[in-house]
Structures are given as structure tokens and as C-alpha cells.
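J.: Sending over a structure as C-alpha cells; questions will come in a sec.
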Amino acid sequence: MKDTSKMLSTYTLGHLELSNRAVLSPMTRTSAESSGKATAEMARYYARFAKGGFGLVITEGIYFNYENSRSYANQPGIADDEQAKSWKPVVEAVHHEEGKVIAQLMHGGALVQHEDFVSIAPSAVAPVGEMLAEHGGSGKFSTPRKMTNDEIQYVIDSFALAAVRAKEVGFDGVEVHGANGYLLDQFVTDYTNQRTDEYGGSTEKRIRLIVKVLHAIRAAVGLDYVVGVRISQGKVNDFHHKWAGGEKDAEIIFEQIAQAFPTYIHTTEYKAFAPAFSDSQHTLAALAKRYSKLPVIANGKLGEPKKAESLLENGEADMIAIGKEALVNADWVHKVKEGKPLKPFHHQYLEPIATLRKEEYA
Ligand SMILES: Cc1cc2nc3c(=O)[nH]c(=O)nc-3n(C[C@H](O)[C@H](O)[C@H](O)COP(=O)(O)O)c2cc1C
């Protein structure tokens, strides 16, 4: 790809100067200590992507309170200062390679694959689908307990505290995981949210928790810190879900989010370049840009550089996040720049389990 490509051009995200618009998509690898501390191997793993040219690295989803936010065994956490400190070598390793790194903060809600606590969710609705084999689960999810209003407030507060810890250990920003079927997305989704209070019912009410979380984080970290939010229709346990209100829902969701002053929105779809709804020509990324007027990261099957470049060229997105292709091409950016062939990704790579492979941290 030519040096004049948009993908390879610099980009300023908030106050962050990024060397290009290629982003490592967040990917859970369940390779932390059982205590939730990040490891030296994880530091080397994340640094590889910065070394391979990615201007921005987003970490896997990190749980942020001990009570009920963790989804997976060996998922990393940032629930206290000890866990936060364990991320310092990860941050330093990425910075050493001249990359930037954002911590993704995640609450699993009903999608819990261990037995350490009873899961909580907007309503006591059993999740559809099955536990994720690549993260060590099998069979149906348990039915969660409906959250009290105090528990909702506690989640908001613990998101904000975790963002402060992330800032203190040197992360360049945080991303709120509002996508893929986890807690915040369970609030957005009509069939998992049957509440009749201020958090349930209309689309405006179902997006309210995300808006409150973003406000709380912004108040805690200040105006100049990068705070993003990830949004999707599909879920890890329900790939094909679509928002019932189509483009009107997109308008409400992205407009409401913009009012909470995030720095960016990160949309993820199975195919980011395909129209988001059957009766609309627009991609979800384009709709996020149109209705929020914020910078947008687009994700979903964009490992093919021409597809990624065309989304940027058309003004549908400002940055592109690469997931699975990056696992087998940590130097994706360098390869694209030099016109070298990319290794194809095969799902066997994550089988039987998605923990880090030796070659990823050697
Ligand atoms: C092993 C694995 C773990 C993932 N974990 C997360 C995660 O922690 N947080 C998240 O937002 N998305 C997660 N995802 C989704 C990816 O970020 C990305 O959206 C998805 O792989 C589609 O992008 P791609 O087509 O470029 O792979 C994960 C994907 C994979 C393959």
C-alpha cells in the first residue's frame, strides 16, 4: 500500500498523536494469573503489535470489580491497586515500541463462565446461546439475578474508579465495553432488558446506563483523557441480533452517547463494510459518525487492507481495528506498507482454547 494511504497516515485522537489509523482490536486471551494480575508474557504479547506497526493497541476486556464483573477464569482485572500495578509493564512495553495503549473495561453481566458468584443482569433472563469453548466454557449459561438500583450505581462507580486506576498506571485511555452481549449491551438489548424503571423500556432508557457510565468516567478522569465506548448489534452468544428500530435506534443510541463526551465510538459488526440494516445502505460506523459527530473506529473483517482503506476513504470511519488477522500477523501494518502477503487466519488458532501461544510472547 502506498505511503499516501489514509490507513498509514497519522491521526490525532483526543490529545493522542497516533502514528497511523490501524488499531489492535480488543481480544480476550484468558492468560492472566488466577488472581487477575497481568503477566510478563502479556507485556511481551501486547508490545509485539506496537512493534508490528499498530499505532494503537486496545487490551482485552478487563474486569473491574471483584463482586460480579468477571466473565472468565484467568481474565485480567483492574479491580484494585495490586491488579492495576500489574499492568504497568504492559503499558511500558507498548510505549517502548512507540505505540499507545488503551484499557478496555468490561463487565460480563449474565455472561459468566465460572462458579465464583451468581451473575447479575438487567433482568433475570437466561442468556441465549452457549458458553464460549475458546474461553473454557461449555453448555448453557446460568440465569442471572436482576440487578438492584444500588448494584447499578455500584457498577457505575466501579467503572469510574477503574478508569482512574488505568490513568494512574499510564494507560493512554480507556474503552468502555458496551458491545458483544456483555452487561452494558444487555441493558441496550430489548430481550435481555425487561426493566420498567429508568433503565428499561424505550431505546433512550436502555442506552441510559452506558451514558451514565461515560459521564461518571469523564467526571473522574478529566476532559483531556481518552475515553471510548464500543458498541455492536451482534453478541458473542447471538451473532445475528439487529436493533429492532433500525436506523432510528442508531440515531438515538449514537446521539445519546455523544452527549456524555466520549472521545470516540468503536463500532463492531460481523462485516463492518456491509449495511447495518436491511432497509438502509449505511454501515454502523457511518451511522455512528453521522449521529455522534465523533471519531469512529470501525471493526469487523477488515483484515483485507483494501476494504479497510475504502471505509477510511469514504469517510465512514477514522480508524480501523483488526482482530483475528492481527493474531497471525502482529506486523500487519508493516506488511501492508511493504505490500507483503498476509498470513490467513484459521479458527483452529484459538482451539481448543484461546490462551496465549508461546510464539506470541517469545
Ligand atoms: C479470541 C477473541 C477474543 C475477543 N475478546 C474480545 C474482548 O475482550 N473485547 C471485545 O470488545 N471484543 C473481543 N473480541 C472481538 C474482536 O475484538 C473483534 O471484534 C472480532 O474478532 C471481529 O474483528 P475481526 O474480524 O477483525 O477479527 C474477541 C475476538 C476474539 C477472536
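Read the figures in this text as sums done on the coordinates, not as results from a lab. The structure presented is a predicted model; accordingly, all values stated were derived computationally and were not measured. Heads up, the Cβs are rebuilt from the backbone with ideal geometry, glycines too, and the neighbour counts pull from every protein chain shown.
J.: So, how do all the Cα-to-Cα distances of the range 155-203 break down into 10 Å bins, in percent, from 0 on up?
T.: Per 10 Å bin, starting at 0, the Cα pair percentages come out as 23, 39, 27, 11, 0.
J.: How big is the equivalent ellipsoid of the range 9-86 along its three axes, where each semi-axis is √(5λ) from the Cα gyration tensor, reported in whole Å from largest to smallest?
T.: Numbers: eigenvalues 137, 37, 23 Å².
Ellipsoid semi-axes (Å, largest first): 26, 14, 11.
J.: Shifting gears a bit: Could you check how many percent of all C-alpha pairs in the range 2-360 are farther apart than 31 Å?
T.: Working: 17456 of 64261 pairs.
The calculated P(r) of the range 2-360 puts 27 percent of pairs beyond 31 Å.
J.: Mind listing which trypsin sites (Lys or Arg not before Pro) in the range 196-251 are in a DSSP loop and have 16 or fewer other Cβ atoms within 10 Å?
T.: Within the range 196-251, the qualifying trypsin sites (Lys or Arg not before Pro) (loop, at most 16 other Cβ atoms within 10 Å) are Lys242.
J.: May I ask you to list the residues of the range 312-330 whose amide nitrogen lies under 17 Å from a point 7 Å from Cα along the Cα→beta-carbon direction of Glu359?
T.: Output list for this probe position: 324-330.
J.: Report the calculated FRET efficiency for His347 and Ser35 (r = Cβ-Cβ distance, R0 = 25 Å), to the nearest 0.05. Don't jump to the answer; show the numbers that get you there.
T.: Values: r = 30 Å, r/R0 = 1.20.
My answer for the efficiency is 0.25.
J.: Among all the lysines, which ones have a C-alpha under 19 Å from Lys242's C-alpha, if same-chain residues fewer than 8 places away are not counted?
T.: Lys205, Lys271, Lys289, Lys301
J.: Label points 7 Å out from Cα along the Cβ direction at Leu16 and Ala73: separation in nm?
T.: Label at Leu16, label at Ala73, 3.3 nm between them.
J.: If the chain between Asn149 and Lys85 were fully stretched, how many nm would it gain, using 0.36 nm times the residue separation less the Cα-Cα distance?
T.: Numbers: separation 64, 0.36 × 64 = 23.04 nm, distance 3.09 nm.
Extending this stretch completely gives an extra 19.9 nm.
J.: For the range 93-133, I need the span (max minus min coordinate) of the C-alpha atoms along each principal axis, in Å, sorted largest to smallest.
T.: Principal-axis extents of the Cα atoms in the range 93-133, largest first: 45, 24, 20 Å.
J.: Going 7 Å from the Cα of Lys242 in the Cα-to-Cβ direction, what parts of the range 252-274 have a backbone nitrogen less than 18 Å from that spot?
T.: It comes to 252-253, 268-274, nothing else.
J.: For the range 50-124, which GluC sites (Glu not before Pro) pass both filters: DSSP loop (anything but H, G, I, E, B) and at most 14 other C-beta atoms within 10 Å?
T.: Values: sites: Glu60, Glu67, Glu82, Glu92, Glu97, Glu98, Glu115; in loops: Glu67, Glu97, Glu98, Glu115.
In loop regions of the range 50-124 (DSSP not H, G, I, E or B), the sparsely surrounded GluC sites (Glu not before Pro) are Glu67, Glu98, Glu115.
J.: For the range 215-250 and the range 1-75, what is the separation of their Cα centres, given in Å?
T.: Each part's Cα centre sits 18 Å from the other's.
J.: Only helical DSSP H runs with n ≥ 4 go in: add -39500 (n - 2.57) per run for the chain, normalise by residue count and round the 222 nm mean residue ellipticity to 500 deg cm²/dmol.
T.: After summing the helix terms and dividing by the residues of the chain, the value is -9000 deg cm²/dmol.
J.: Subtract the Cα-Cα distance of Tyr66 and Asp157 from 0.36 nm times their separation in residues, and report this length gain in nm to one decimal.
T.: Details: separation 91, 0.36 × 91 = 32.76 nm, distance 1.33 nm.
That works out to 31.4 nm of additional length.
J.: Going through the range 1-78, which trypsin sites (Lys or Arg not before Pro) have at most 14 other Cβ atoms within 10 Å and a DSSP loop state? Provide the component values of the computation, followed by the final result.
T.: Numbers: sites: Lys2, Lys6, Arg21, Arg29, Lys37, Arg44, Arg48, Lys51, Arg70; in loops: Lys2, Lys6, Arg21, Arg29, Lys37, Arg70.
Sites meeting the loop and neighbour criteria: Lys2.
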